Amino acid sequence: MSEPVSIPNSPAIEEPADRLFPPRWQRTLLNLATCLILMTIGWCNLPDEVPRSVIAGLEQNCSPQVAHRIRWGEWVWKWGAHLAGFDNKWQMYGLQSRFNWHYQIIATYGEGDQQVDRLLPLPRQSERTYWQRAIVDFKEAKFHLNIYNDPLARETYAHYLAHQFPEFNGQRLKRIRYDLKYQYILPPLVAVKQQQLLEDWVQTDTVSNFDLSAVVSKVLGPEPKPLLPADWNQAVSVRN
């Protein structure tokens, strides 16, 4: 049998683990950061009574200076969680909504017999291309959910729309109306029997109606007053 051939001055063979895993100090920092993030998310998702009772219990057993530092530290922690996006409330196994809904935002232009209602050309209520629906409009449902129970947010958005659509066919914007259109979700047994999820009847409720004449006047300037007969005669005589 031939003897094994030895290769002189051969370099040491690296173990796969030495190449794949970062150094120990990096792994330690990563584990600490992961634990801190999970603790932050868990603290922000506790019922409001739990952090309040914990802070109150600590304050009862501490001096006023220490209690102030505890409150300040808890505020800084939550402020950092808000900046990092870790303070969102998680809801698992939540109850299904009883109805399916969406907003229709309608603008009213003109006055009297010339008054016109216009469905504003906004996402979710106008014709959109596939790319607009898939890429541009993906946050619209979340935005409508945010203003669902917030009248001040709806009014603020109405002011923004007044700047975007102050005029239509020569007539000035007067009001913006939010119509809530909804259909009740059928009970499971009824839905299976009828092979449909929603009721056929679509209900509509007006939840907000904002007067925006003052906002439009700031955008387009004061509305010109109609000439009276005396003013018209004077203008004709001046022209002649």
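What to note about this one:
- In region 120-152, the residues that are hydrophobic (A, V, I, L, M, F, W, C) and closer than 19 Å to Q183 by Cβ: A141, L145
- Restricting attention to region 143-179, the residues being of a type in the set (G, A, S), under 20 Å from the mean Cα position of the chain (by Cα) and surrounded by fewer than 16 Cβ atoms within 10 Å (Cβ to Cβ) number 1.
- Within region 188-217, considering residues that are among the β-branched types (V, I, T) and assigned to a strand (DSSP E or B), the one farthest from A153 (Cα to Cα): T204
- Flag if L212 is farther than 30 Å from Q164 by Cβ, in the same structural domain as A153 (by TED's automatic domain parsing) and surrounded by 11 or more Cβ atoms within 10 Å (Cβ to Cβ): no
- In region 113-138, residue modelled with the lowest pLDDT [restricted to those that are in a loop (DSSP other than H, G, I, E, B) and over 14 Å from H102 (Cα atoms)]: F138
- Qualifying residue in region 140-147 (condition: basic (K, R) and assigned to a loop (DSSP other than H, G, I, E, B)): no
- Residue pairs whose Cβ atoms lie under 7 Å apart, sitting 6 or more positions apart in sequence or on different chains, and linking a residue in region 79-96 that is at pLDDT 80 or above to a partner that is among the acidic types (D, E), are A81/D87.
- Checking L161, L173 one by one, the residue that is touching a helix residue (DSSP H, G or I) at 6+ places or on another chain (Cβ under 9 Å), within 21 Å of T108 (Cβ to Cβ) and hydrophobic (A, V, I, L, M, F, W, C) is L173 and no other.
- Looking across region 201-224, the residues that are in contact with a helix residue (DSSP H, G or I) (Cβ under 8 Å, 6 or more places away or on another chain), closer than 12 Å to L173 by Cα and aliphatic (A, V, I, L, M) come down to L212, V215, V216, V219.
- Any hit, region 47-62, residues being surrounded by 10 or more Cβ atoms within 10 Å (Cβ to Cβ), without any contact (Cβ under 8 Å) to a residue 40 or more places away in the chain and within 22 Å of the chain's Cα centre (by Cα): no
The values are calculated or read from the model by the stated rules, or taken from the named source; none is laboratory data. Just so we're clear, the structure is a prediction, and the values are computed from it rather than from any experiment. Don't worry about glycine lacking a Cβ; one is built from the backbone with ideal geometry, like all the others, and counts go over all protein chains shown.
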